[in-house]
Amino acid sequence: MRRAFCYVILLLACGAMNVQARHHSNRADSDAQAGQFDYYVLSLSWAPTYCLTHTGDGAECGGKGYGFVVHGLWPQYDAGGYPENCATQFVVTAEAQARGRTLYPSEHLMQHEWQEHGTCSGLDALSYFQTVDRATTVLKTPEVLEAPRASQSLNASQIAALFQTANPALPGNSLIVACSRADLSEVRVCLTKDLALRSCGRGVRTMCPQRAVTVPASR
C-alpha cells in the first residue's frame, strides 16, 4: 500500500512538472533579446466585438464602421512563447508615429504595440510599422467579413474556411481564430520574418467554443 502511495505521489509530481514546462513554453519572455525570434503572428481584431465593451473608445468605435483592424504584429518562438518589452535604443520618432497612425485604430494601441512587441523585432520604429503595413497585405479578408451590416452566426471552422477560400495559398495550421466568450474576437495568421505565410509554432491555436459564435455587425 505504501509503495503504491509513493508511486502515485511520484506520478503527480511529474505531471506538475510537465504542466509547468508547458506553461513556461508559452509564456512571455521578458528577458528576451531584440531580433531573436523565429516568426511573426499578425493579429487582426474584429472591431465590432471590441466596441461592444469599449463604447467610449471614440478612436475605434462610435459609428466608425470598422471590421477587421490591425491589433499587432508579434514576434514568436517556434517552441512556444514570445519575447516582449525588449531593450532597444530605438524610439518612436515623429515620422514613425505618423506612419503608425495610418495602421492602428488608436494612438494608445500603436504605442502599446511598439513597446511590447515592436521593440523585440530588432527594427527601428519606422521600419517596424512599415513591416506591419506590408504584413496586412498578405492576408485577404473574405468578402462576407468586410464590415458586414448584419450580424452572423458562424463557428471557428467556418470562419477559417472562408479565409482559406479567399487565400488558397494558406498552409495548414497557419491561421487561427480567437473568440471573446461567444463572439469573434480576432483572426491571427503566422508569417515568416520575410512575411511569407507559414504554419504556426507551438501554443498558437484556435480559442473559440465548438459551437457557433456571433460575428457582430459593423457599427
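Of all the numbered requirements in (1) touching a strand residue (DSSP E or B) at 6+ places or on another chain (Cβ under 7 Å); (2) surrounded by 19 or more Cβ atoms within 10 Å (Cβ to Cβ); (3) closer than 26 Å to GLY58 by Cα; (4) not aliphatic (A, V, I, L, M), CYS208 misses one, and that requirement is (3).
Mind listing whichever residues of the range 120-164 are at positive phi and either β-branched (Val, Ile, Thr) or at pLDDT 95 or above (or both)?
Residues of the range 120-164 at positive phi: 122, 147.
Within the range 120-164, just GLY122 meets the criteria.
Pull up the range 180-205, narrow it to residues that are out of contact with any helix residue (DSSP H, G or I) (no Cβ under 7 Å at 6 or more places or on another chain) and among the acidic types (Asp, Glu), then point me to the one that is surrounded by the fewest Cβ atoms within 10 Å (Cβ to Cβ). Among those residues, the one meeting the criterion is ASP194. Can you work out which of the residues in the range 180-190 that are more than 15 Å from LEU145 (Cα to Cα) and assigned to a strand (DSSP E or B) is modelled with the lowest pLDDT? Ranking the candidates gives SER180 first.
How about the range 142-165: which of its residues are among the hydrophobic types (A, V, I, L, M, F, W, C) and either part of a strand (DSSP E or B) or without any contact (Cβ under 8 Å) to a residue 40 or more places away in the chain (or both)? Full working, then the answer.
We begin by selecting, within the range 142-165, every residue among the hydrophobic types (A, V, I, L, M, F, W, C); these are 144-145, 147, 150, 154, 156, 159-163.
Matches in the range 142-165: VAL144, LEU154, ALA161, LEU162, PHE163.
So, of the residues in the range 191-219 that are in contact with a Cys (Cβ under 7 Å, 6 or more places away or on another chain) and part of a strand (DSSP E or B), which turns out to be farthest from ILE176 (Cα to Cα)?
Of the residues in the range 191-219, the ones in contact with a Cys (Cβ under 7 Å, 6 or more places away or on another chain) are 198-200, 204, 207-209, 213, 219.
Still in the list and also part of a strand (DSSP E or B): 207, 213.
Numbers: MET207: 8, VAL213: 15 Å.
Among residues in the range 191-219 that are in contact with a Cys (Cβ under 7 Å, 6 or more places away or on another chain) and part of a strand (DSSP E or B), the one farthest from ILE176 (Cα to Cα) is VAL213.
Put simply, of GLY80, GLY56 the only residue that is closer than 30 Å to ARG219 by Cα, in a loop (DSSP other than H, G, I, E, B) and among the small types (Gly, Ala, Ser) is GLY56. Can you name the residue in the range 166-179 that is surrounded by fewer than 17 Cβ atoms within 10 Å (Cβ to Cβ) and touching a residue at least 24 places away in the same chain (Cβ under 8 Å) and, of all such residues, is nearest to GLN152 (Cα to Cα)? So, considering only residues that are surrounded by fewer than 17 Cβ atoms within 10 Å (Cβ to Cβ) and touching a residue at least 24 places away in the same chain (Cβ under 8 Å), the one nearest to GLN152 (Cα to Cα) is ALA166.
The values are calculated or read from the model by the stated rules, or taken from the named source; none is laboratory data. Just so you know, these numbers come straight off a predicted model, no measurement behind them. Neighbour counts are summed over all protein chains in view; Cβ atoms, including those assigned to glycine, are modelled from backbone coordinates with ideal geometry.
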